[in-house]
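Report on the following structure.
The values are calculated or read from the model by the stated rules, or taken from the named source; none is laboratory data. The model shown is predicted, which means the values in this text are computed figures rather than measured ones. In this analysis, Cβ positions are derived from the backbone assuming ideal geometry, glycine residues included, and neighbour counts consider all displayed protein chains.
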Amino acid sequence: MPVDVTSKEGREQCWLSRDAYWKCLDDSLEDQKKCKAAREQFEKDCSKTWVKHFDRRREYLKFKNVLESGDKEIIDEFLKNRYHK
């Protein structure tokens, strides 16, 4: 059951779990299998809508970083890998 994200403590716990999960993904080069425990804790500590929001936010931030690089080859490769799997 998710933590009560309407409380300050609940929100802080959700953010801590999100940050730990994102750090795991960064450290493992996006290897979902290596981050299974962190993902489960993230889903436990955050509401489903928050998990969905943070998942989308992470994808947006990755895309934004690629766009800001300005390198057409990197952008094309990112889009190819993201949308043509």
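When Tyr60 is tested against the conditions (1) exposed (fewer than 11 other Cβ atoms within 10 Å of the Cβ); (2) of a type in the set (Phe, Trp, Tyr); (3) over 13 Å from the mean Cα position of the chain (by Cα), the lone failure is (3).
Is it true that some residue in region 64-75 is of a type in the set (Asp, Glu), surrounded by 11 or more Cβ atoms within 10 Å (Cβ to Cβ) and more than 30 Å from Asp4 (Cβ to Cβ)? Write out each step before concluding.
Within region 64-75, the first condition is being of a type in the set (Asp, Glu), and the residues that meet it are 68, 71, 73.
Pick out the ones that are also surrounded by 11 or more Cβ atoms within 10 Å (Cβ to Cβ) and you get 71.
Retained after the next criterion (residues that are more than 30 Å from Asp4 (Cβ to Cβ)): 71.
There is at least one residue in region 64-75 that is of a type in the set (Asp, Glu), surrounded by 11 or more Cβ atoms within 10 Å (Cβ to Cβ) and more than 30 Å from Asp4 (Cβ to Cβ).
Could you check region 17-35 and list, in sequence order, the residues that are small (Gly, Ala, Ser) and assigned to a loop (DSSP other than H, G, I, E, B)? Across region 17-35, the qualifying residue is only Ser28. Given the condition more than 13 Å from the chain's Cα centre (by Cα) and of a type in the set (Asp, Glu), answer yes or no: does some residue in region 41-50 qualify? So far as region 41-50 goes, yes, one or more of its residues are more than 13 Å from the chain's Cα centre (by Cα) and of a type in the set (Asp, Glu).
Would you check if there is a residue in region 36-43 being surrounded by fewer than 15 Cβ atoms within 10 Å (Cβ to Cβ), modelled with pLDDT under 85 and part of a helix (DSSP H, G or I)? First the steps, then the outcome.
Going residue by residue through region 36-43, those that are surrounded by fewer than 15 Cβ atoms within 10 Å (Cβ to Cβ) are 36-37, 40.
Still in the list and also modelled with pLDDT under 85: none.
Within region 36-43 (the criterion being surrounded by fewer than 15 Cβ atoms within 10 Å (Cβ to Cβ), modelled with pLDDT under 85 and part of a helix (DSSP H, G or I)), the answer is no, since none of the residues qualifies.
Which one is modelled with the lowest pLDDT among residues in region 1-19 that are among the aliphatic types (A, V, I, L, M) and touching a Cys at 6+ places or on another chain (Cβ under 9 Å)? The extreme case among them is Val3.
Would you be able to tell me the number of residues in region 44-81 that are in a helix (DSSP H, G or I), within 15 Å of Cys14 (Cβ to Cβ) and either touching a residue at least 12 places away in the same chain (Cβ under 8 Å) or not charged (D, E, K, R) (or both)? Write out each step before concluding.
Within region 44-81, the subset in a helix (DSSP H, G or I) is 44-45, 48-69, 72-81.
Filter again for within 15 Å of Cys14 (Cβ to Cβ), leaving 44-45, 48-55, 57-58.
Next, from what is left, pick out any that are either touching a residue at least 12 places away in the same chain (Cβ under 8 Å) or not charged (D, E, K, R) (or both): 44-45, 48-51, 53-54, 58.
Number satisfying all stated conditions: 9.
One residue is enough: does region 2-21 have a residue meeting the conditions hydrophobic (A, V, I, L, M, F, W, C), without any contact (Cβ under 8 Å) to a residue 40 or more places away in the chain and exposed (fewer than 13 other Cβ atoms within 10 Å of the Cβ)? The answer is no; no qualifying residue exists.
Being surrounded by 11 or more Cβ atoms within 10 Å (Cβ to Cβ) and either modelled with pLDDT under 95 or out of contact with any Asp or Glu (no Cβ under 6 Å at 6 or more places or on another chain) (or both) is the filter here, so list the residues in region 44-57 that pass it.
Here is the first cut: in region 44-57, the ones surrounded by 11 or more Cβ atoms within 10 Å (Cβ to Cβ) are 44-47, 50-55, 57.
Those that are surrounded by 11 or more Cβ atoms within 10 Å (Cβ to Cβ) and either modelled with pLDDT under 95 or out of contact with any Asp or Glu (no Cβ under 6 Å at 6 or more places or on another chain) (or both): Lys44, Asp45, Cys46, Ser47, Trp50, Lys52, His53, Phe54, Asp55, Arg57.
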